Amino acid sequence: MNLESKIPQGAIADKWDNHKFSIKLVNPANRRKYRIIVVGSGLAGGSVAATLGELGYRVQCFCYQDSPRRAHSIAAQGGINAAKNYQNDGDSVYRLFYDTVKGGDFRSREANVYRLAQSSANIIDQCVAQGVPFAREYGGFLANRSFGGAQVSRTFYARGQTGQQLLLGAYSALSQQIGAGQVEMYNRHEMLDLVVVDGHAKGIITRNLVSGEIESWSADAVILATGGYSTVFFLSTNAAGCNVTAAWRAHKHGAGFANPCYTQIHPTCIPQEGEHQSKLTLMSESLRNDGRVWVPRNAEDAQKDPLEIAAAARDYYLERKYPSFGNLAPRDISSRSAKEVCDEGLGVGRTGFGVYLDFADAIERLGQPAIAEKYGNLFEMYERITGENAYQRPMRIYPAPHYTMGGLWVDYNLETTIPGCFVLGEANFSDHGANRLGASALMQGLADGYFIAPYTVADYLAREGAGAPDPEGPAFREAEAAVRDRIGRLLGVGGKRSARSFHIELGRIMWEYCGMARNESGLEKALELIPQLREAFWSDVNIPGRDEYLNIELERAGRVADLLEFAELMCHDALDRKESCGGHFREEFQTAEGEALRDDEAYTHVSVWEFQGVGNVPVKHREDLEFENVELAVRNYK
Ligand SMILES: Cc1cc2nc3c(=O)[nH]c(=O)nc-3n(C[C@H](O)[C@H](O)[C@H](O)COP(=O)(O)OP(=O)(O)OC[C@H]3O[C@@H](n4cnc5c(N)ncnc54)[C@H](O)[C@@H]3O)c2cc1C
């Protein structure tokens, strides 16, 4: 497997500019000769499809929802980072770069992260030009707030609906290109395979989710912007439809999968209440700007009314342990601290898996209207779900699976190990190392889509020349047949259990053995249980109905089948990485104070896995990471 990262030469601040100058261009008159497939219409997919359309390429964009506007990006709440330094509080491109590398526990590629920080300011300008209604100060300037892992205010936001507003911006740009005929949009089409011709990605196979039709699409290049795989845990803050299918199918064709075990467990989610929930709800990290996290000091108080627990009997454990960053300690650290206090019996709420996020002090200091102005919709959402008014009593929160830093391996050009197959947004592994800082996913998705891929994909096209293959060719026929065969096998099982019941069971295994804390024996156990569950699935799943019309159970079963294969890869990766870093916490590797203990000598690399067949141990390759600008250090938020 060729893992040449293609990081350009030169000083870090010049790499991207030099690269843009040295890579090839496609002249405007030639762009219409090229067809590009974009799978995904979230912030990453929507922005790249719109931009490529605007540049003059012929784009076909696919999503499985009934509108691009329903991509999971719409759920993003708290904000998007950018190194604008509007607050004059010491921010800079370098500081954003540094915070992101450190936040990722020194497991990301420096050059990519620097480019991300450089692009961040342009994103805000682009979105403001589109009309995205970012929050503003009284005088009209764009407002900022802070997110975890930073000591500056660099997060731009639109109340608690930043993702929705950014997506509407990208969607307007996309709609303009659809109207102009540059982008053909195919809603309710699920990509079920990647087609590789002569070693290059040249198309996809989709199922029309309404009619059941299986179709082949050919192109000069394929871009996957298909989001993350937190639903491998079943319960997560992601939309229930999020899945790993597109990335997994590309992996089976030879695309390396990088760091699949790096998953982010977000500290501020509404705790699980019952067995029948299909998802969990995030309470944005932005709330930690004003909310204080605490648990009772004594286990006997855990079930008491929080309003009756005196200040002296409370442990504001993040402020105590991390005085410099306090409640804005990064997500991995805050989540582990919450687990720790709950494991000690100090957890609150009916289940004992909860900690308080308390706004009483902020309300006293700023007044309720000021808090409502910043977070009103989040408080309303919390009340609708829990029936509790968080202006009057503290919110209850607990960590939940939220984001996946792992993804398909890409080089500096965002190209996978399959030439012509590019991956953008949460679906790639590129920028966040072992832990993503808050408000950095939106930044990455839009940087990839608006400002990076349009250059790097052009370079590929210019080098290869135009000529999408015949979609009736043998590679397409073969891939279509394989897709039909798999659907037939799924429908043919005729068992007794729903796909959802298998998904729930998989989620329990993953949360228990590959969740917030992992250890060798647990991961080995998971590697025994997952193949058994997969076998049970293929002999006992029940999918009512047929495949020639809308069949949501069939869709779900296909995604669960892929998660059942992918989960094993995650556990192999977690087992192999005998260190703790970021969101990957191996219990055997921790400091005396319970912090993650990295092994830089053995693991300063990206683990990239090559598929060897379902159920077979994948082969590991490594991309060594070099830190020339940031010194490897123990992360310190004290
Ligand atoms: C509740 C919540 C709040 C968040 N808040 C923030 C925040 O405040 N700030 C921040 O920076 N990040 C936040 N994040 C993270 C961020 O929202 C996501 O990482 C980001 O939006 C992902 O964008 P994306 O374009 O990569 O993928 P998505 O938005 O998930 O889009 C994926 C697209 O791919 C399509 N797709 C997937 N598979 C297929 C297939 N097989 N065939 C066809 N189409 C397919 C889907 O239809 C969809 O269009 C939040 C995440 C959650 C869950």
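The values are calculated or read from the model by the stated rules, or taken from the named source; none is laboratory data. Computed from a predicted model, the values in this text were never measured in an experiment. Quick reminder, even Gly has a Cβ in these numbers, built from the backbone with ideal geometry, and neighbours come from all protein chains shown.
Report yes if some residue within the range 268-285 is more than 20 Å from THR351 (Cα to Cα), outside the structural domain of HIS584 (by TED's automatic domain parsing) and within 34 Å of the chain's Cα centre (by Cα); otherwise report no.
So the first thing to find is which residues in the range 268-285 are more than 20 Å from THR351 (Cα to Cα), and the list is 284-285.
Filter once more, keeping what is outside the structural domain of HIS584 (by TED's automatic domain parsing): 284-285.
Checking the rest, the ones that are also within 34 Å of the chain's Cα centre (by Cα) come to 284-285.
Checking the range 268-285: at least one residue is more than 20 Å from THR351 (Cα to Cα), outside the structural domain of HIS584 (by TED's automatic domain parsing) and within 34 Å of the chain's Cα centre (by Cα).
Can you find a residue that is under 19 Å from the mean Cα position of the chain (by Cα), outside any loop (DSSP other than H, G, I, E, B) and within 14 Å of the ligand (Cβ to nearest atom) anywhere in the range 22-37? Even if it seems obvious, please write down each step before you answer.
Going residue by residue through the range 22-37, those that are under 19 Å from the mean Cα position of the chain (by Cα) are none.
For the range 22-37, residues under 19 Å from the mean Cα position of the chain (by Cα), outside any loop (DSSP other than H, G, I, E, B) and within 14 Å of the ligand (Cβ to nearest atom): absent.
Only one residue in VAL541, VAL493 is buried (at least 19 other Cβ atoms within 10 Å of the Cβ), more than 30 Å from ARG331 (Cβ to Cβ) and touching a strand residue (DSSP E or B) at 6+ places or on another chain (Cβ under 8 Å). Which one?
Working: VAL493 fails: buried (at least 19 other Cβ atoms within 10 Å of the Cβ).
Sole residue among the options that is buried (at least 19 other Cβ atoms within 10 Å of the Cβ), more than 30 Å from ARG331 (Cβ to Cβ) and touching a strand residue (DSSP E or B) at 6+ places or on another chain (Cβ under 8 Å): VAL541.
Among the residues of the range 209-239, write down those that are at negative phi, surrounded by fewer than 20 Cβ atoms within 10 Å (Cβ to Cβ) and away from the ligand (no atom under 11 Å from the Cβ). Give the steps one after another, and end with the answer.
Applying the first criterion (at negative phi) to the range 209-239 yields 209-211, 213-226, 228-233, 235-239.
Filter once more, keeping what is surrounded by fewer than 20 Cβ atoms within 10 Å (Cβ to Cβ): 210-211, 213-215, 239.
Scanning the range 209-239 gives VAL210, SER211, GLU213, ILE214, GLU215.
Starting from residues that are part of a loop (DSSP other than H, G, I, E, B), within 12 Å of the ligand (Cβ to nearest atom) and not aliphatic (A, V, I, L, M), keep the ones in the range 430-464 and report whichever is surrounded by the fewest Cβ atoms within 10 Å (Cβ to Cβ).
The initial filter retains those residues of the range 430-464 that are part of a loop (DSSP other than H, G, I, E, B), namely 430-440.
Still in the list and also within 12 Å of the ligand (Cβ to nearest atom): 430-432, 436-440.
If we keep only those that are not aliphatic (A, V, I, L, M) too, we end up with 430-432, 436, 438, 440.
Details: SER430: 28, ASP431: 24, HIS432: 33, ARG436: 30, GLY438: 28, SER440: 29.
Here the residue is ASP431.
For the range 180-288, list the strands (runs of 3 or more DSSP E) that sit wholly inside it and hold at least 3 residues that are in contact with a Gly (Cβ under 8 Å, 6 or more places away or on another chain) and farther than 30 Å from ASP470 by Cβ; which are they?
Numbers: elements: 183-186, 189-197, 200-208, 214-218, 221-224, 263-269.
In the range 180-288, 263-269 are the strands (runs of 3 or more DSSP E) which contain 3 or more residues that are in contact with a Gly (Cβ under 8 Å, 6 or more places away or on another chain) and farther than 30 Å from ASP470 by Cβ.
Exactly one condition in (1) modelled with pLDDT under 95; (2) buried (at least 22 other Cβ atoms within 10 Å of the Cβ) is not met by ILE509; state its number.
(1)
When you go through ALA180, ALA158, ALA219, ALA170 one by one, which is the residue that is over 29 Å from ALA475 (Cβ atoms), more than 22 Å from the chain's Cα centre (by Cα) and of a type in the set (A, V, I, L, M, F, W, C)?
Working: ALA158 fails: more than 22 Å from the chain's Cα centre (by Cα); ALA219 fails: over 29 Å from ALA475 (Cβ atoms); ALA170 fails: more than 22 Å from the chain's Cα centre (by Cα).
Just one listed residue meets the conditions, ALA180.
Check whether at least one residue in the range 348-358 is assigned to a loop (DSSP other than H, G, I, E, B) and exposed (fewer than 15 other Cβ atoms within 10 Å of the Cβ), and report yes or no. Please lay out each step first, then the result.
Step one: list which residues in the range 348-358 are assigned to a loop (DSSP other than H, G, I, E, B), which gives 348-354.
When the remaining residues are screened for being exposed (fewer than 15 other Cβ atoms within 10 Å of the Cβ), the result is 350-351.
Yes, there is a match, as at least one residue in the range 348-358 is assigned to a loop (DSSP other than H, G, I, E, B) and exposed (fewer than 15 other Cβ atoms within 10 Å of the Cβ).
Based on this model, can you work out whether PHE106 counts as within 11 Å of the ligand (Cβ to nearest atom), in a loop (DSSP other than H, G, I, E, B) and either of a type in the set (S, T, N, Q) or surrounded by 21 or more Cβ atoms within 10 Å (Cβ to Cβ) (or both)? Outline the logic, then answer.
Numbers: within 11 Å of the ligand (Cβ to nearest atom): no; in a loop (DSSP other than H, G, I, E, B): yes; either of a type in the set (S, T, N, Q) or surrounded by 21 or more Cβ atoms within 10 Å (Cβ to Cβ) (or both): yes.
Here the answer is no, as PHE106 does not meet what is asked.
Looking at the range 481-500, can you tell me whether even one residue there is within 28 Å of ASN428 (Cβ to Cβ) and over 28 Å from the mean Cα position of the chain (by Cα)?
Yes - at least one qualifying residue is present in the range 481-500.
If we keep just the residues of the range 197-208 that are touching a Ser or Thr at 6+ places or on another chain (Cβ under 9 Å) and either hydrophobic (A, V, I, L, M, F, W, C) or within 14 Å of the ligand (Cβ to nearest atom) (or both), which is farthest from ALA462 (Cα to Cα)?
Filtering the range 197-208 down to residues touching a Ser or Thr at 6+ places or on another chain (Cβ under 9 Å) leaves 197, 201-206.
Now restrict to residues that are either hydrophobic (A, V, I, L, M, F, W, C) or within 14 Å of the ligand (Cβ to nearest atom) (or both): 197, 201, 203-206.
Details: VAL197: 18, ALA201: 15, GLY203: 18, ILE204: 21, ILE205: 25, THR206: 27 Å.
Only one residue tops the list, namely THR206.
Scan the range 60-90 for residues that are closer than 11 Å to THR162 by Cβ, assigned to a helix (DSSP H, G or I) and either near the ligand (Cβ under 7 Å from one of its atoms) or not β-branched (Val, Ile, Thr) (or both) and jot them down.
Passing the criteria: SER73, ALA75.
If the requirement is being within 16 Å of VAL483 (Cβ to Cβ), in contact (Cβ under 8 Å) with a residue 12 or more places away in the chain and of a type in the set (Gly, Ala, Ser), which of these qualifies: GLY212, GLY199?
Numbers: GLY199 fails: within 16 Å of VAL483 (Cβ to Cβ).
From the options GLY212, GLY199, the qualifying one is GLY212.
State the number of residues belonging to the range 126-156 that are within 28 Å of LEU52 (Cβ to Cβ), within 14 Å of the ligand (Cβ to nearest atom) and assigned to a loop (DSSP other than H, G, I, E, B).
Result for the range 126-156: 2.
VAL59 - would you say it is outside the structural domain of LEU378 (by TED's automatic domain parsing) and either farther than 23 Å from VAL423 by Cβ or surrounded by fewer than 24 Cβ atoms within 10 Å (Cβ to Cβ) (or both)? Steps first, please.
Working: outside the structural domain of LEU378 (by TED's automatic domain parsing): yes; either farther than 23 Å from VAL423 by Cβ or surrounded by fewer than 24 Cβ atoms within 10 Å (Cβ to Cβ) (or both): no.
When the stated conditions are applied, VAL59 does not pass them.
Quick test of your reading of the structure: TYR316 fulfils all but one of (1) touching a residue at least 24 places away in the same chain (Cβ under 8 Å); (2) under 23 Å from SER580 (Cα atoms). Name the failing condition by number.
Condition (2) is where TYR316 drops out.
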